[in-house]
Amino acid sequence: MRLFTLTMATSLALGFPHKVEAQSMTWPQRPVHVIVPVAAGSGTDLAARLLSERLGAIWKAQVVVENRPGADGIIAATEFAQKGGDHTLFFSFPGPITLNPILREKLPYDPERDFVPIVAAADVALVIAASRSLEAKTVKDLVLAARSRDGQLNWTSTPGPFQIMFDNFLKTNGLTLARVVYRDIASAVADLGEGRIHIMLTSYGSVSPGVEAGKVNVLAVLNKQRFPSLPEVPTASEAGFPDLTLDGLNGFFGPRDMSQELRVRIATDVRSVIADPSFASRLLGIGMVARSAGPAEFASILREQRAMLAAYADAIGVKPRP
């Protein structure tokens, strides 16, 4: 009995149990709902739908994706926290868990209490891109251009942690660039291609048409690892700017009362899906890379990202707003 207990505890910590308790094996008994904090058609939404289709086949149950966009993920996160129950999952990028507590004094949900990390499944390719008119091919080129044209260049980004991260980068390197805010990402991408915007931090999928048209240069990949579709483009860390490192992890979260056994069961099933080369290829087609991290590792990654963003926010004087 002592040996069984030790083996079970060890395997749960690793995310790969030798046995899963009967309770988790009988799950699900009804349709599983997956709440996502973005509109239909976005990268996170497409990944959620690809995964849900495969998981539904494994679980022999309907898996329904529900889009709740808006308010930096607060709308979706709040609904998930209030809904509860082990047949509702949250599939999201880290922002609602790591960034929102830094930017807001109060949230209608508790990021630590209400969200139990289950498994990371996909990593969005994040990049820093420049208009071809800037004639910059590397981050170092950008730094030199910004210094020689002090205050004359501008930048933009998609919502999320980019503002804190890039403002910290600018301060660290003594640079001044004007930030331009867009409501419509398509307009920002168009302006980048035409040279009205000089720098943009976003997903590779957003700027890839401009890259293919020869209007946009990708200076660096922000993720910790290079992106398979951009094998010649270094990571920001490889380029000598580690403070521009940010993984775009997307993963599943469960409610606070979800059992460890069920978390492991779901994590194991998700890992079996993303291990399929055909599935990994489909992810690559929407600008993502299959990325597996079980409950403990996923939780550790989220803590690390939140601490990093908090340090950047403190360095540039960002205070949480009411």
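When GLY160 is tested against the conditions (1) buried (at least 18 other Cβ atoms within 10 Å of the Cβ); (2) at pLDDT 95 or above; (3) not aliphatic (A, V, I, L, M), the lone failure is (2). Within the option set SER278, SER300, being over 17 Å from the mean Cα position of the chain (by Cα) and assigned to a helix (DSSP H, G or I) holds for one residue only, SER278.
Scanning region 190-248 for residues that are over 18 Å from ILE164 (Cα atoms) and aromatic (Phe, Trp, Tyr) yields a count of 2.
Condition check ((1) of a type in the set (Phe, Trp, Tyr); (2) within 23 Å of PRO37 (Cα to Cα)) across all residues:
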{"residue": "LEU249", "(1), (2)": "no, yes"}
{"residue": "PHE253", "(1), (2)": "yes, yes"}
{"residue": "GLU261", "(1), (2)": "no, no"}
{"residue": "ARG271", "(1), (2)": "no, yes"}
{"residue": "LEU283", "(1), (2)": "no, yes"}
{"residue": "ILE286", "(1), (2)": "no, yes"}
{"residue": "SER292", "(1), (2)": "no, yes"}
{"residue": "LEU302", "(1), (2)": "no, yes"}
{"residue": "LEU309", "(1), (2)": "no, yes"}
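Within region 183-212, the residues that satisfy the criterion of being closer than 29 Å to ARG291 by Cβ, of a type in the set (A, V, I, L, M) and touching a residue at least 12 places away in the same chain (Cβ under 8 Å) are ILE185, ALA188, VAL189, LEU192, ILE199, MET200, LEU201, VAL207, VAL211. Scanning region 163-174 for residues that are surrounded by 15 or more Cβ atoms within 10 Å (Cβ to Cβ) and of a type in the set (Val, Ile, Thr) yields a total of 1. When ALA129 is tested against (1) small (Gly, Ala, Ser); (2) assigned to a strand (DSSP E or B); (3) modelled with pLDDT under 95, exactly one condition is not met: (3).
Every listed requirement among (1) touching a strand residue (DSSP E or B) at 6+ places or on another chain (Cβ under 9 Å); (2) of a type in the set (Lys, Arg); (3) without any contact (Cβ under 8 Å) to a residue 24 or more places away in the chain is met by LYS60 save one, (1). Of the helices (runs of 4 or more DSSP H) entirely within region 1-119, those holding at least 2 residues that are modelled with pLDDT of 95 or more and over 22 Å from ASP247 (Cα atoms) occupy 43-59, 74-83. Might you check whether a residue that is closer than 30 Å to GLY193 by Cα, touching a strand residue (DSSP E or B) at 6+ places or on another chain (Cβ under 7 Å) and of a type in the set (Asp, Glu) occurs anywhere in region 239-258? Yes, region 239-258 contains a residue that is closer than 30 Å to GLY193 by Cα, touching a strand residue (DSSP E or B) at 6+ places or on another chain (Cβ under 7 Å) and of a type in the set (Asp, Glu). Do you know which residues across region 132-156 are of a type in the set (Ser, Thr, Tyr) and surrounded by 24 or more Cβ atoms within 10 Å (Cβ to Cβ)? Once the filter is applied, which keeps residues that are of a type in the set (Ser, Thr, Tyr) and surrounded by 24 or more Cβ atoms within 10 Å (Cβ to Cβ), region 132-156 yields only THR156.
Screening GLY85 with (1) more than 21 Å from ARG256 (Cα to Cα); (2) surrounded by fewer than 14 Cβ atoms within 10 Å (Cβ to Cβ); (3) of a type outside the set (Asp, Glu) gives one miss only, at (1). Tell me which residues, restricted to region 219-237, are more than 20 Å from ARG291 (Cα to Cα) and surrounded by fewer than 22 Cβ atoms within 10 Å (Cβ to Cβ). Listed by number, the list holds a single entry, GLU232. Of everything in region 293-322, what is under 15 Å from LEU246 (Cα atoms), crowded, with 16+ Cβ neighbours inside 10 Å and of a type outside the set (Val, Ile, Thr)? Give them in sequence order. Across region 293-322, the qualifying residues are PHE298, LEU302, GLN305, ARG306, MET308, LEU309, ALA310, TYR312, ALA313.
The values are calculated or read from the model by the stated rules, or taken from the named source; none is laboratory data. No experiment lies behind these values; they were computed from the predicted model shown. Cβ: placed from backbone, ideal geometry, glycine included. Neighbour counts: every protein chain shown.
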